[in-house]
Amino acid sequence: MDTEYQLETLAVRAGQERSQFGEHAEALYLTSSFVFENAAQAAARFSGAEAGNVYARFSNPTVSMFQQRLAALEGAEDCVATASGMSAIMALCLAHLKAGDHIVASNGLFGATLQLFGNILSRCGISCTTVPQTDPSAWEAAIRPETRLFFLETPSNPLTQVADIRALAEIAHRRDILVAVDNCFCTPILQRPLELGADLVVHSATKYLDGQGRVLGGAVCGPKKYTEEVFKYLRTAGPTLSAFNAWVLLKGLETLKLRIEAQSANALALATWLEAHPRVSRVFYPGLASHPQHDLAMRQQRLGGAIVSFEVQGSRAEAWRVVDSCRLLSITANLGDTKTTITHPATTTHGRISPEARADAGISEGLLRIAVGLEAVEDIKADLERGLSAA
């Protein structure tokens, strides 16, 4: 499809392939394998000499439509879909790294990503150095001769620190280092990392791309010379996105722009209210002028996004009291849902990393993260006020 169309058009139309039945909605292909006309065609499909579906571990028409649509939204040549966001990161790393290689990553990554780099990839002989998200000089200083990958998520989870993608890409590319950006918080509606110099974009499609907390999914987008290595890993190892989940994600993409813009507006209103609240010590939201990287965020993002984190006055007891007082907000660590969620990062998303690593990432016991949904913002405020007043 012509990628000159606007994002909202691509989100609805890109990638669709109709069968001989002429269906208007995308078809859901629930099959584990595909039948060939003859032995010669089977051989050609397996060898790659002829394009076509072979086996659902690595080829399915519904999954292909999702891949094409997300690639169009990211402005990418290609996309490989996976079973979850974490499997997308794992696939990217194992496709492009080997024993002895080194990663430089933000110290503010999602807790599971830090666990993957520190506890799992290390068993494969792949090492990782974490550095402050916002200090390009620290990234450059951490480079070794064996460094092969810069990995960052911007804004970060949960403190919404914003990395300068263009600056980090320039540093990395002088040393032939790949740059991968987790674009989960912004989605391609608010930020397109490939246009800023990144080589690969990673998604947990479970979050905003679905948007209603229904299914798991992940994706890696970028030039085919990089994604084809990810596909080779997927074909053999099999962290496969199911056809049903791909079909749900296709439907989610259709409303992505509407949702992320409305949720961002709610988040800005909530962050502004929290910043003025007497029981709140600090608010972390890129759309606020008080955010340390506000100017950078507004240059590389269209809006501030829908994640607001804040520190209550006190520590864990006071933060938990706010959580436990909520009657409307969902107490869950997932994000990107139409329903607003609240979590205590120090004991949930980042609970498995060491206290020292949490302190290094700036995650205090009084920190709460709100993933703002589509409810009336006054109702969200009222739900938080109940706990804040008692804190």
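Each peptide among 130-141, 19-30 gets the average number of other Cβ atoms lying within 10 Å of its residues, and from highest to lowest they stand as 130-141, 19-30. Put simply, the chain fits an ellipsoid with semi-axes of 36, 25, 18 Å; these come from the alpha carbon gyration tensor as the roots of five times its eigenvalues, largest first. For the chain, the 222 nm mean residue ellipticity estimated from helices alone, with every DSSP H stretch of n ≥ 4 adding -39500 (n - 2.57) and the total spread over all residues, rounds to -11500 deg cm²/dmol. Taking the DSSP bridge list for the chain and keeping only pairs wholly inside it, about 55 percent are antiparallel. Within the chain, helices built from complete DSSP H runs that reach 27 Å or longer along their own axis (Cα positions) and carry a mean Kyte-Doolittle hydropathy of -0.5 or higher are 256-275. Taking every pair of alpha-carbon atoms in region 174-285, give the share separated by more than 20 Å as a whole percent. Of all Cα-Cα pairs in region 174-285, 55 percent lie more than 20 Å apart. The phi torsions of region 218-223, fed into the Karplus equation with coefficients 6.51, -1.76 and 1.60 and a -60° offset, translate into couplings of x, 7, 10, 10, x, x Hz, rounded to whole numbers, with Gly and Pro shown as x. Between Glu23 and Arg174, the simple label model (points 7 Å from Cα in the Cβ direction) yields a spacing of 5.2 nm.
Computed on region 7-254, with alpha-carbon pairs under 8 angstrom and 6+ residues apart, the relative contact order is 26 percent. For the set Lys98/Lys207; Lys251/Lys339; Lys232/Lys257, the pairs lying more than 23 angstrom apart at their alpha carbons are Lys98/Lys207; Lys232/Lys257.
In region 187-247, the ratio of gyration radius to Kirkwood radius, Rg to Rh, stands at 0.99 when only Cα atoms are counted. Counted by Cβ distance under 15 Å from Ala43, the other residues give a net charge of -1, where Lys and Arg count +1 and Asp and Glu count -1. With the alpha-carbon atoms of region 257-390 aligned to their principal axes, the span from lowest to highest coordinate is 35, 32, 27 Å, starting with the largest. Per-residue extension of 0.36 nm, minus the Cα-Cα distance of Arg57 and Ile331, leaves a gain of 95.2 nm for this segment.
No lab work stands behind these numbers, since they all come straight from the coordinates. Because the structure is predicted, anything quoted here is derived from the model rather than measured. No Cβ is skipped: glycine too gets one built from the backbone with ideal geometry, and neighbour counts run over all protein chains shown.
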